[in-house]
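Following: one structure in structure tokens, then a few remarks.
The values are calculated or read from the model by the stated rules, or taken from the named source; none is laboratory data. All values derive from a computational prediction rather than experimental measurement. For neighbour counting, all protein chains shown are included, and Cβ atoms are generated from backbone atoms with ideal geometry for every residue, glycine included. These accessible areas exclude ligands, DNA and RNA; they are computed on the full protein's heavy atoms, side chains included. Shrake-Rupley method; radii C 1.70, N 1.55, O 1.52, S 1.80 Å.
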Amino acid sequence: MNSSRVPPSRGIPSAYRGQDLASLRNRNLDVILRAIWEHAPCSRTDLAELTGLAPSSITRLIKQLQQSGLVIDVGKGKSTGGRLPTLVAPDPEAGVILSLDLGGSKIRGAIFDAADQLIYSLEEPLRGLGPKIVTSQTLDFTQRTIDQSRIDQNKLLGLGVGVSGRVDIETGEIVESYNLRLKQFPLRQILKEAFHLPVYIENDASVASLAEWYYGAGRGQEDLIYLLISTGIGAGVIIDGQIYRGKAGMPGEIGHIVVDRLGPICLCGRRGCLEAMASRPAMLRNADLILSHGQDPILSSMLDSENSTITLEILAEAALRGSTSVQAIIENAADHIAFAIASIATILNIETVIVGGEVIQELGELFIKKVEAAMTKYRQRDQKLDVIQAELEADAFLKGISMFTLRDVLSAQF
Ligand SMILES: [Zn+2]
């Protein structure tokens with residue numbers, strides 16, 4: 001066992017106490033799967049130390065994982081006085097999981113084996129919006145990912161999807177996704193009928209928040225808010241190691257908090273939502289406006305007839321070169337984000353906010369510093385509020401979906 005890599009107290013969240021039995025079982029499955037993936041080969045005693053689970057729970061969980069074929073005995077470890085302990089490890093041959101990330105502008109897919117290793121990944125822009133196109137592209141893309149990866153389709157244990165929009169995890173329906181132009185869209189049913197597999201569906205920001213909490217920037221925290229800033233803006237809230245859903249998945253709707261009553265019309269029909277003020281399309285739209293008025297020589301000089309599309313990278317560069325109008329665009333967006341973060345953190349009494357998504361990946365430190373600076377205006381005087389950059393990149397997010405899908409598949413078997 002290689003326990004020196006990650007200190008147990010930070011590496012694996014300790015066993016969960018309280019809440020209902022199903023949540024407890026899911027949480028313990030998450031914990032033991034991660035421990036085995038990160039530290040195998042390891043003994044039951046190692047796993048008890050790493051996870052904080054009782055030895056009897058470890059024995060029962062390992063037995064279940066062995067029965068499902070996911071974990072195998074791989075020999076004996078060193079004696080610590082008594083009998084030689086049996087070491088267990090994941091069996092990569094046990095099957096694969098296909099993860100999908102259905103975002104506001106592209107679809108990504110990845111296949112992971114049962115030892116959590118990436119086998120294949122694929123990405124493409126969305127061809128269009130609305131139920132018809134999203135259905136045909138999702139089905140076609142999923143089949144292509146399977147075919148091109150050359151895995152044996154019979155080895156697929158389940159499909160998992162992280163989706164931009166409000167999700168009903170009981171029915172597997174997308175309740176509403178403004179970015180994808182979907183309403184009451186039965187995604188789980190569509191995928192189940194096409195592939196005859198268990199399907200796990202979750203809001204993308206919720207998956208990211210849980211993944212960051214398990215093995216990203218949120219390790220060791222009790223509670224956190226994760227803000228996903230991309231084509232849309234969503235949030236995942238973790239309280240006591242659980243996704244906090246509120247009524248009808250409302251925390252994720254942070255993107256549609258009105259932050260400027262006179263702002264531009266949002267996809268949801270209201271005016272001045274956070275998403276209409278601070279998402280990537282909002283920033284790019286503002287930059288286009290400046291450019292079309294010929295007001296910014298620095299930004300104009302960075303674009304020519306061959307390279308005429310503004311990107312966030314170009315905005316970051318223009319801000320560094322001293323463009324005050326681009327700096328104002330970024331500052332305004334950061335200010336709105338800081339206002340929303342401070343409000344939700346104050347209401348939920350949470351001290352850690354992780355920010356991630358394409359805007360953060362592309363603007364990085366520059367944007368986070370602006371958010372932190374603006375935050376001083378909005379937080380309470382004694383309020384502790386840390387803004388941290390997300391650690392998990394695209395593949396790790398898909399890995400999160402894969403882990404929770406596998407956990408769901410197992411949980412239904414046990
Ligand atoms: Zn809105």
Please enumerate the residues belonging to the range 260-273 that are touching a residue at least 24 places away in the same chain (Cβ under 8 Å) and either in a helix (DSSP H, G or I) or more than 10 Å from the ligand (Cβ to nearest atom) (or both).
-> 260
What are the residues in the range 169-185 that are more than 12 Å from residue 267 (Cα to Cα) and either part of a loop (DSSP other than H, G, I, E, B) or open to solvent by 50 Å² or more (accessible area, probe 1.4 Å) (or both), if any?
-> 169, 170, 171, 172, 173, 183, 184
Residue 276 passes all but one of (1) over 20 Å from the mean Cα position of the chain (by Cα); (2) away from the ligand (no atom under 15 Å from the Cβ); (3) crowded, with 24+ Cβ neighbours inside 10 Å; which number fails?
-> (2)
Looking only at the range 183-190, decide whether some residue is in contact with an Asp or Glu (Cβ under 6 Å, 6 or more places away or on another chain), of a type in the set (D, E, K, R) and within 15 Å of the ligand (Cβ to nearest atom).
-> yes
Residues within the range 155-172 that are polar (S, T, N, Q) and over 20 Å from residue 145 (Cβ atoms), tallied | 1
Residues of the range 105-119 classified as open to solvent by less than 10 Å² (accessible area, probe 1.4 Å) and of a type in the set (Lys, Arg), total = 0
Check the range 280-298 and report whether any residue there is touching a strand residue (DSSP E or B) at 6+ places or on another chain (Cβ under 8 Å), open to solvent by less than 90 Å² (accessible area, probe 1.4 Å), modelled with pLDDT of 90 or more and closer than 30 Å to residue 223 by Cα.
-> yes
Go through the range 89-104 residue by residue and tally those that are of a type in the set (A, V, I, L, M, F, W, C) and surrounded by fewer than 24 Cβ atoms within 10 Å (Cβ to Cβ).
-> 2
Sort out which residues of the range 167-183 are charged (D, E, K, R) and in contact (Cβ under 8 Å) with a residue 40 or more places away in the chain, and write them in order of number.
-> 168, 181
Being in a strand (DSSP E or B) and hydroxyl-bearing (Ser, Thr, Tyr) is the filter here, so list the residues in the range 198-245 that pass it.
-> 200, 226
Can residue 366 be described as surrounded by 15 or more Cβ atoms within 10 Å (Cβ to Cβ) and farther than 18 Å from residue 235 by Cβ?
-> yes
Has the range 186-195 got any residue that is small (Gly, Ala, Ser) and surrounded by 18 or more Cβ atoms within 10 Å (Cβ to Cβ)?
-> no
State all residues of the range 313-326 that are crowded, with 21+ Cβ neighbours inside 10 Å and touching an Asp or Glu at 6+ places or on another chain (Cβ under 6 Å); if no residue qualifies, say none.
-> 323
Please give the helices (runs of 4 or more DSSP H) falling wholly within the range 277-321 in which 3 or more residues are more than 18 Å from residue 364 (Cβ to Cβ).
-> 280-292, 297-301
Flag if residue 359 is within 23 Å of residue 166 (Cα to Cα), surrounded by fewer than 24 Cβ atoms within 10 Å (Cβ to Cβ) and at pLDDT below 95 = no
What do you reckon, is residue 252 surrounded by 20 or more Cβ atoms within 10 Å (Cβ to Cβ), at pLDDT below 85, within 15 Å of the ligand (Cβ to nearest atom) and within 20 Å of residue 167 (Cα to Cα)?
-> yes
